[in-house]
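Note sheet for the following structure.
The values are calculated or read from the model by the stated rules, or taken from the named source; none is laboratory data. Not measured: the values here are computed from a predicted model. When we count neighbours, we look across all protein chains shown, and the Cβ atoms used for this are built from the backbone with ideal geometry, even at glycine. Quick note on the areas: whole protein, heavy atoms, side chains included, nothing else; ligands and nucleic acids left out. Shrake-Rupley method; radii C 1.70, N 1.55, O 1.52, S 1.80 Å.
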Amino acid sequence: MVLGVDEQLAILTAGAVDVIHEAELRKKLERGQPLRAKLGLDPSRPDIHIGHAVVLQMLRRFQELGHVAVLIVGDFTAQVGDPSDRSSTRPALSKEEADANAATYFEQAGRILLPENLEIRHNSEWLGAMGIADVLRLAARATVAQMLARDDFERRYKEGKPISIMEFLYPLLQGWDSVMVRADVELGGTDQLFNNLMGRTLQEQEGQEAQVVLTAPLLEGLDGVQKMSKSLDNYVAITEPPATQFGKLMSIPDTLTTRYFSLASGASPAEAQDFAEQARAGTLSPVEAKRAMARRIVDAYQGEGAGEAAEAEFNRVFKSHDVPTDLPEHTLESAAAVDGQIRLANVLQQAGLAKSNAEGRRLITQGGVRIDGEAITDPDATYVPADLDQVVIQVGRRRWVRIRT
RNA sequence: GGGUCGGUACCCGAGUGGCCAAAGGGGGCGGCCUGUAAAGCCGCUGGCAACGCCUACGUUGGUUCGAAUCCAACCCGGCCCA
């Protein structure tokens, strides 16, 4: 460990919303031993997005200072599912699905984390071995009143919304993870504060030193209002094509430009502040600032220069109104043709540009469909499949497919 | 276990025998504007080779020419009592 305790403290807590407690972290650092910094990941959704990146970058700083990043795959809990947001948000996964997701997860996390100083654990390792008696003993450690202290629970309780007993168990299980891996520090989004604090309680009850809890700000999604999440489809995945990332980043509300820059680009606090200042002063216009932000973020995950290339592509498509260089292709299913003719609405549907035939018809009627740049407005338009070979169909402003027969 | 209120489309929420594929809002989508921003305006928003048919108002069964609406049983949730 080359750096002094004060310097480490400053680096590790930079950007954190909550630090509970700084004095404890200092004490841990003073021992000069590598700390174990835990981060739990939910493998029910495979894509890592730039919102996750905020906390992953914090974790990386621990690694860079010689501490150990302990990633916990919540494979056990993922297999049980989570009733909190009504079935759909977190469906129960099979062991295979959870494993498969976890695998891609780490491949992605690897774009941010260092391969060394990394420990990966699955919580099925210990949770799967617990019997009912163990679970009951764990459940006895917290009270209903304590659980209702979590704002999310309190709100739902007041609103008369259902809260399952199982949900009360989750914070305890996550806290138990901390006990099992002997975490010194736990990272997470601000929405994880309550759960991570539970880890402290349990560790102390087990005679361990309580983990320090650091929370990272939650990044707003593309809509600018709700937090970035896969289920709301308002995210920028760290592995999607650079051009897509750039485009999505350009679509965020102006008010979030500096926030994205400082949270998702991996820029140093000083750099982020400098950027914010320029934007505020008007040295950078809102569009220029946003472009700079988008370039910076694409670079961060795709490599130096990727941002510029993505911007060039962006200009090509949205300034020159050209067709993108890379576009998905769809081979027509000949079976869909009737008497040698195929309906455009049907083509849209099979190419994934419309969810149904009916939606395809609606899009056409509304003037949202173009074939090689020419708007088609007849919902009953039909074609001979061969005539559609190599044709580019555009739906709306940003979706294209090249047709093959 | 008893009482009571409730379960409607992606979400919230009206509708309490035919005029209901179901008001209104949110969200989403398309168009105009534009900087793939915001604000604004207009339109669409169950499915089906489609002026008709099918499916859908928790589930199942019933009453009726006709049910989201009435009846019965069941399932699920909130609250009160035990």
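A few remarks follow.
Residues checked against (1) of a type in the set (D, E, K, R); (2) touching a residue at least 12 places away in the same chain (Cβ under 8 Å); (3) assigned by TED's automatic domain parsing to the domain that holds residue A:299; (4) open to solvent by less than 30 Å² (accessible area, probe 1.4 Å):
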| residue | (1), (2), (3), (4) |
| --- | --- |
| A:311 | yes, yes, yes, yes |
| A:333 | yes, yes, no, no |
| A:349 | no, no, no, no |
| A:361 | yes, yes, no, no |
| A:380 | yes, yes, no, no |
| A:384 | no, yes, no, no |
| A:387 | yes, no, no, no |
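- On the stretch given as segment A:160-184, residues that are open to solvent by less than 20 Å² (accessible area, probe 1.4 Å) and either within 16 Å of RNA strand B (Cβ to nearest atom) or of a type in the set (A, V, I, L, M) (or both) total 5.
- Positions within segment A:336-349 being out of contact with any Pro (no Cβ under 6 Å at 6 or more places or on another chain) and near RNA strand B (Cβ under 10 Å from one of its atoms), in sequence order: A:336, A:338, A:339, A:340, A:341, A:343, A:344, A:345, A:346, A:347, A:349
- Of all residues in segment A:1-58, those satisfying the criterion of being over 28 Å from residue A:232 (Cβ atoms), β-branched (Val, Ile, Thr) and in contact (Cβ under 8 Å) with a residue 12 or more places away in the chain are A:5, A:11, A:13, A:19, A:20.
- Segment A:367-382, residues that are in contact with a strand residue (DSSP E or B) (Cβ under 6 Å, 6 or more places away or on another chain) and under 15 Å from residue A:343 (Cα atoms): A:369, A:370, A:371, A:376, A:382
- Lone unmet requirement of (1) over 23 Å from the mean Cα position of the chain (by Cα); (2) open to solvent by less than 60 Å² (accessible area, probe 1.4 Å); (3) over 22 Å from residue A:130 (Cβ atoms) for residue A:187: (1)
- Yes/no for residue A:328 being touching a residue at least 40 places away in the same chain (Cβ under 8 Å) and away from RNA strand B (no atom under 12 Å from the Cβ): yes
- Scanning segment A:275-286 for residues that are closer than 14 Å to residue A:256 by Cβ and near RNA strand B (Cβ under 9 Å from one of its atoms) turns up just one, A:286.
- For segment A:357-373, taking the residues that are more than 6 Å from RNA strand B (Cβ to nearest atom) and hydrophobic (A, V, I, L, M, F, W, C), the one that is nearest to residue A:403 (Cα to Cα) is identified as A:371.
- For segment A:288-302, the criterion of being within 9 Å of RNA strand B (Cβ to nearest atom) and among the β-branched types (Val, Ile, Thr) is met by none of the residues.
- When A:121, A:156, A:137, A:141 are screened for being in contact (Cβ under 8 Å) with a residue 40 or more places away in the chain, more than 30 Å from residue A:108 (Cβ to Cβ) and of a type outside the set (Gly, Ala, Ser), only A:141 passes.
- Matching residues in segment A:58-96 - criterion: being modelled with pLDDT of 95 or more and within 16 Å of residue A:174 (Cβ to Cβ): A:70
- Residue within segment A:99-108 that is modelled with pLDDT under 90, open to solvent by less than 40 Å² (accessible area, probe 1.4 Å), among the aromatic types (Phe, Trp, Tyr) and within 28 Å of residue A:236 (Cβ to Cβ) present: yes
- For segment A:293-307, a tally of residues being surrounded by 14 or more Cβ atoms within 10 Å (Cβ to Cβ) and acidic (Asp, Glu) returns 1.
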